[in-house]
Amino acid sequence: MRIKFSTLPAQKAKIRPMTDIVPITSNSLAQAAKILEAGGLVAFPTETVYGLGANACDDRAVAGIFVAKQRPSFNPLISHVANSEAAFALGAETQFAAVLAEHFWPGPLTLVLHRTASCPIARLTSAGLDKIAIRVPAHIAANRLLTAFGKPIAAPSANPSGRISPSTAAHVRAGLAGKIDLILDGGPCENGLESTIIDCSGAAPVLLRPGGISRDAVHQVFEDAGIAARLQDPAEISDDRQPIAPGQLRSHYAPRAKVRLNAHHAVDGEELIGFGPVAGAGKLGLSLSLSGDLREAAANLFAMLHQADGVTAEAGTVIAIAPIPITGIGEAINDRLARAAAPRG
Ligand code: TXA
Ligand code: MG
């Protein structure tokens, strides 16, 4: 098993001395697309709030979002695409999704769907979940950027974790200057309120986050389409096929195998996922980061848990994981590891 990024030197959060704010032009969009291609971070306007974008198919680029925002846990991110066709190449289309996409895309609606078999979205983008969140933004500059880049862009709101969402380029600069590569200035956002999120993957649609599109508007669309459905609230969903609130369930990110934390050595056929000086062991010998780089570890985390689960779950063995420092993005890594290791409900 080759370990991703093993040849890269140890890195801290990249220091960018200046973060340019540029108006939207063909040139600045081309520059932004180039930065995204290289794994960088670009803030861009949408009709809801400014997003902090990275290549949604690149775990390492997405890890950069969590570092820049100093997000203490890996909440799954929304993947933005240019049109419905691109969206349903990533997430499996359902009847609810088709009707809502037809009426509300492009617009402030995010659909949560099962990954398609060929879905290239990075595991870190969906925080290890098998469902992904997808949105087709209505903002002309966002659409031009998505078209120029040609791939999905993962983007949370472009603010430091815990601060209010940005509705102007100046807000973005105030919170993230020096931590991201470029800010595309498209003027103030029309809505200033994040998108409505609806899980359309199951037997009933579930309203995960109220937002720019009201519950009544959704019900009207269902009625017009002859669909006898109403939006359920997460609390109404009692089985584990529906996400309740991602990131909040104690064992939501659990692999099938048991997980042992802070392991310095593998015992009894365990699959040990290493970090820094603790070398990986077992069939795969994975290491989150040989050089002890937390961003690299974040980028590898969910993909490696999936890989290790593949060889341990059937064999009835355990995934052991080396200690990860709690500093910086290490807090988010430890948060997810604690959930992965928590007793299953
Ligand atoms: O308007 C918006 O939605 C803005 C713009 C930039 O598009 N983005 C935004 O992203 O608000 P963020 O990261 O602040 O919120 C994303 C929400 C989180 O509440 C997350 O839990 C949910 O989307 N989410 C993402 N992936 C999910 C998944 N696979 N299942 C359920 N919820 C998911
Ligand atoms: Mg946010």
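Here are a few things to note about the model shown:
- Close amide H pairs (under 5 Å, H built 1.01 Å from N) link G53 with V42, A43, F44, residues at least 5 positions away or on another chain.
- Close amide H partners of T110, meaning residues 5 or more places away or on another chain with modelled amide H under 5 Å apart, are T196, I197, I198.
- For region 129-184 versus region 285-345, the spacing of their alpha-carbon centroids is 27 Å.
- DSSP-defined beta bridges in the chain - what % are antiparallel, rounded to 5: 50 percent
- Helix content alone sets the calculated 222 nm mean residue ellipticity of the chain: runs of n ≥ 4 DSSP H residues at -39500 (n - 2.57) each, divided across all residues, give -8500 deg cm²/dmol.
- Most mobile listed residue (F302, F96, F44) in the chain, GNM with C-alpha springs under 10 Å: F96
- For the chain: Kirkwood Rh in Å [reciprocal of mean 1/r, alpha carbons]: 20.6 Å
- For the pair T327 and N27 in one chain, pulling the backbone fully straight at 0.36 nm per residue adds 104.2 nm over the alpha carbon distance.
- Rounded to the nearest 10 Å², the accessible area of R173 at probe 1.4 Å: 120 Å²
- Accessible-area composition of the chain, carbon plus sulfur, in percent [1.4 Å probe]: 54 percent
- Whole-Hz ³J(HN,Hα) from phi, Karplus 6.51 cos²θ - 1.76 cosθ + 1.60, for region 261-267, glycine and proline x: 9, 6, 8, 9, 9, 7, 10
- Greater than 20 Å apart at Cα, pairs in K34/K151; K131/K151; K34/K179: none
- Gyration tensor verdict on region 258-341 (Cα atoms; rounded if a/c is under 1.5, prolate if a/b is larger than b/c, oblate otherwise): prolate
The values are calculated or read from the model by the stated rules, or taken from the named source; none is laboratory data. Remember, predicted model here, so these are calculated numbers, not experimental data. Surface areas here come from the heavy atoms of the whole protein model, side chains and all, with no ligands, DNA or RNA. Shrake-Rupley method; radii C 1.70, N 1.55, O 1.52, S 1.80 Å.
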